[in-house]
Each structure stands twice: as structure tokens, then as C-alpha cells.
Amino acid sequence: MALAQGLSDDQRHHLHRVLRLKDGDAVIVTDGAGSLRHCRLVDSGLEPEGDVDTVGRPSPQVGVVQAVPAARKLDEITRMVAEVGAAWLQPVITSASSPFARDAAGAERRQRRLEAIAVSAMEQSRSRWLLEVRQPMALADATTSMGDAVVVVLDPVADRSLREVADDASTYAVVVGPESGWSMDERSLLGSARVRLGSEILRTEHAAMAAVSAILARGGRW
């Protein structure tokens, strides 16, 4: 819920009908970028109480590069990584992606849905930070957009485990492949930064959440 805006109809519905709040009840609002403010619910909307409290971005920051899975699994992935504290989500189109994922028709609608899921997850987790849901792109483009992040490519048969990755980095990028695995060309793009989470093999829609949680716990954010 943005700090500098009034309540939308959807927000009024959520506060009054879903959360069943009444006038005078406490509400915390945030801009999704580190600032929050305590308010009271009143007839006209929200009445501020106290000053805006702003903090810097926590460290480490963890982003997710996720091969677009079948059906609406990306909805679940978006919700889970947002709730555990990921900074950004970059969907990638792979050779295994469905025709639906490649189809430009409806792309804007799908993007709006994922962004709305990220907002809902922020509200659920009471986070100050909104997950940045990026536009889908090809894997080759995604690999060049990760900057100085320590890249962690999840691979259940990798020789290294996640605990062997540098634990003092400020930014990580967790790369999760499709259900059927990467093609040979895609594996060459990803290089050798492969690690396994553990002895268990997780579904593609659960792997990112587990990896983000493990990195944040090791980095002291959990």
C-alpha cells in the first residue's frame, strides 16, 4: 500500500471485507522500497500516526532467474520468493518453455497478474520491500543482466553444495531450470557455477524458495 496515495477500491475491500478491520484499527503502509508508516483506518481513508520510517536495503540481496514452467506455476513461484524476501524475479524463456509462454498475446495481462501477486505477498509477509518482477527474456540476455551477483545455478547432480558458495557476497542470483532440464546450448551459457541444494531433488516451483531461504539464513537476514 503506497505511502503517498489514497486507498484504492481493492485496498478498501481488502481492509474492510477480507481483514475485517474497523475505523480506528492500526494499519501499516509501505512504498515497497524500504519506507513504512503507521496509520489508523478512518472514514476518509488512512490517518498517519508518526513519521515515515525508512531503512536501507538489507544485505544480502538475492534475485531469482527462473525458467518459465508449465501452467501457472510461475504464479506460485512469484508468491513464494516474494514472501521469503527475494529482491527480483527474472523469468526466462527456454527451449523447454511451452508455446503459451512464448506467445506475446496476453503478455501484458500475465505481467500485471504476477506484479499483483508480488504486492499481495508483500502484504502477507509484512515486508518493506516489493519483489521486482521483470519482463521475461531469453536466457542469453538474462545471463548478461546479473551484474556482479554471485551466480548460483541449481543442479541436483552438481559436485559442489550451496554451503560451498561464497558467503560474504552482497548480491546473489539463483538460477532455476525447467522441469525437463537445460539443453546443451543453455548449459554452456550458464557456465560452471552449478551447486546442489542437498540430497533431495525439489520441484522447479519449490527450488527457488528453498535456495533463497538458505542464502538469506546464512547471510543473517533470517
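The values are calculated or read from the model by the stated rules, or taken from the named source; none is laboratory data. Treat the numbers as computed from the prediction; the structure is a model and nothing was measured. FYI the Cβ positions are ideal-geometry reconstructions off the backbone, even for glycines, and counts take in every protein chain you see. Quick note on the areas: whole protein, heavy atoms, side chains included, nothing else; ligands and nucleic acids left out. Shrake-Rupley method; radii C 1.70, N 1.55, O 1.52, S 1.80 Å.
Before moving on, here are some points about what is shown:
- Here percent of Cα pairs over 32 Å apart was computed from the coordinates, and among (i) 26; (ii) 30; (iii) 35 the match is (i).
- When the stretch 1-92 is described by a simple charge dipole with +1 on each Lys and Arg Cβ and -1 on each Asp and Glu Cβ, the residue from Ala26, Val68, Pro48 located farthest towards its positive end is Val68.
- Cα point-scatterer Debye curve for the stretch 56-98, base-10 log of I(q)/I(0) at q = 0.26, 0.28, 0.31, 0.32 Å⁻¹: -0.91, -1.00, -1.12, -1.16
- Of all accessible heavy-atom area on the stretch 1-68, the percent that carbon and sulfur account for (1.4 Å): 47
- A Cβ-based charge dipole, computed about the Cα centre of the stretch 35-110 with Lys and Arg at +1 and Asp and Glu at -1, lands at about 480 debye.
- Taking the C-alpha atoms only, the angle from helix 107-125 to the longest principal axis of the chain is near 60 degrees.
- Antiparallel DSSP beta bridges within the chain, percent to nearest 5: 35
- Taken per residue, the accessible surface of the chain reaches 55 Å², heavy atoms only and a 1.4 Å probe.
- Calculated mean residue ellipticity at 222 nm for the chain: -8500 deg cm²/dmol, from DSSP H runs with n ≥ 4 weighted as -39500 (n - 2.57), summed, divided by the residue count and rounded to 500.
- Charge dipole (debye, nearest 20) of the chain; +1 at Cβ of Lys and Arg, -1 at Cβ of Asp and Glu: 360
- The stretch 73-203, accessible surface, carbon-and-sulfur percent (1.4 angstrom probe): 49
- Largest GNM mean-square fluctuation among Asp167, Asp25, Asp75, using the chain with Cα springs under 10 Å: Asp25.
- For the residues Val18, Val150, Val68, a GNM of the chain with alpha-carbon springs under 10 Å puts the largest fluctuation on Val18.
- The angle separating the long axis of helix 204-218 from the principal Cα axis of greatest extent in the chain is about 80 degrees.
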